[in-house]
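Chemist: This is the structure I want to talk about, given as structure tokens.
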Amino acid sequence: MSRIFITGSTDGLGLAAARTLIREGHEVVLHARSRERAAAIAETSAAALGLVIGDLASAEQTRSIAEQVNAIGRMDAVIHNAGIYLERSRGETPEGHAKTLAVNTLAPYLLTAWITRPDRLIYLTSGMHRSGGSALDDIDWKKRPWSASQAYSESKLYIATLSAAIARHWPDVLSNAVDPGWVPTKMGGAGAPDDLEMGHLTQTWLATSEDEAAKVSGGYWYHRQQRQAAAEVNDVRFQDALVERLAGLTGVRLFPQGG
């Protein structure tokens, strides 16, 4: 039995993963953005080990989420599932960041730094990460005209790259990125063509399985198969440059400088 924390677990892939893991006998800690969102999953939360509340668009609330999780106890695995898709505008978080970057990249970065280190980390990315590009000078969209699709693609490139960087820096942790496919969730839309079940079963497998195939690190996965990620993801120089930018934006350093 494992203890797993899942961000964004009030609907879609996060909720499906949580229900699967609970059925399998694992201890699951759920996450909701607000008390109203939490109320919608009362039946599932009643069977969970715990439920934490906080908005990932806020660094302060993200810290609170980490503190709530740590108060429950050390997790065996964390599934960074929460994300937002096509935002109409850049938006602005309490810290002044673009909302897409904050929720999809900065929040999982901060949670990784603040939550007691688990044995396994899983980060949800997207096939759209291949359109992200390697320029890092304006990742917070302060200079460029806003493009919702490009911002999303970049945020998913960054999170896949972060996963690979963690695999390199933390050899005692299994860190993997998962592309769940274009699945029919609220985010993906009812007409999405990919398999919803396979969209979440890769995460639950990587989080808990003792299969040798699942006990690897630095992978980019799609439906329990390893795939080739964009070249930037495994480029050590790009990893280091990205992590440095994220440290600068958040004021939180994940790895020792120069290490």
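Values quoted throughout were computed directly from the atomic coordinates according to the rules given, and no laboratory measurement underlies them. What you are looking at is a predicted structure, and each value in this text was computed from that prediction instead of being measured. Cβ coordinates were reconstructed from backbone atoms using ideal geometry, including for glycine residues, and neighbour counts include every protein chain displayed.
Chemist: Looking for whichever is touching a Leu at 6+ places or on another chain (Cβ under 6 Å), closer than 22 Å to Ser153 by Cβ and aliphatic (A, V, I, L, M) here; the options are Ala229, Ala241, Ala214. Which one fits?
Modeler: The conditions single out Ala241.
Chemist: What number of residues within region 236-252 satisfy the criterion of being in contact (Cβ under 8 Å) with a residue 24 or more places away in the chain and either in contact with a helix residue (DSSP H, G or I) (Cβ under 8 Å, 6 or more places away or on another chain) or exposed (fewer than 14 other Cβ atoms within 10 Å of the Cβ) (or both)? So that I can check it myself, show each step before the final result.
Modeler: To start, the set of residues in region 236-252 that are in contact (Cβ under 8 Å) with a residue 24 or more places away in the chain comprises 236, 238-243, 245-246, 249-250, 252.
Filter again for either in contact with a helix residue (DSSP H, G or I) (Cβ under 8 Å, 6 or more places away or on another chain) or exposed (fewer than 14 other Cβ atoms within 10 Å of the Cβ) (or both), leaving 236, 238-240, 242-243, 246, 249-250, 252.
The total comes to 10.
Chemist: Something else: Gln61 is checked against (1) closer than 23 Å to Ala98 by Cα; (2) in contact (Cβ under 8 Å) with a residue 12 or more places away in the chain and fails just one. What number does that condition carry?
Modeler: Evaluating Gln61 over (1) closer than 23 Å to Ala98 by Cα; (2) in contact (Cβ under 8 Å) with a residue 12 or more places away in the chain leaves (2) as the failure.
Chemist: Considering only residues of region 76-109 that are aliphatic (A, V, I, L, M), under 15 Å from the mean Cα position of the chain (by Cα) and part of a loop (DSSP other than H, G, I, E, B), which is farthest from Val28 (Cα to Cα)?
Modeler: Start the filter on region 76-109 by keeping residues that are aliphatic (A, V, I, L, M), which leaves 77-79, 82, 84, 86, 98, 101-103, 106-107.
Cutting the leftovers down to under 15 Å from the mean Cα position of the chain (by Cα) gives us 77-79, 82, 84, 101-103, 106-107.
Among the residues that remain, those that are also part of a loop (DSSP other than H, G, I, E, B) are: 82, 84.
Details: Ala82: 15, Ile84: 22 Å.
The extreme case among them is Ile84.
Chemist: Being touching a Leu at 6+ places or on another chain (Cβ under 7 Å), in a loop (DSSP other than H, G, I, E, B) and surrounded by fewer than 19 Cβ atoms within 10 Å (Cβ to Cβ) is the filter here; which residues of region 110-139 pass it?
Modeler: Of everything in region 110-139, those that are touching a Leu at 6+ places or on another chain (Cβ under 7 Å), in a loop (DSSP other than H, G, I, E, B) and surrounded by fewer than 19 Cβ atoms within 10 Å (Cβ to Cβ) turn out to be Asp119, Leu136.
Chemist: Same structure, new question: Pairs please, first residue from region 21-44 and among the charged types (D, E, K, R), second anywhere and not in a strand (DSSP E or B), Cβ atoms under 6 Å, 6+ apart in sequence or on different chains.
Modeler: Close Cβ pairs (under 6 Å, with a partner that is not in a strand (DSSP E or B)) amount to Glu27/Leu49; Arg33/Asp55; Arg37/Thr10.
Chemist: Would you mind telling me which numbered condition in (1) buried (at least 19 other Cβ atoms within 10 Å of the Cβ); (2) not in a loop (DSSP other than H, G, I, E, B) Ala57 fails?
Modeler: Of (1) buried (at least 19 other Cβ atoms within 10 Å of the Cβ); (2) not in a loop (DSSP other than H, G, I, E, B), only one is false for Ala57: (2).
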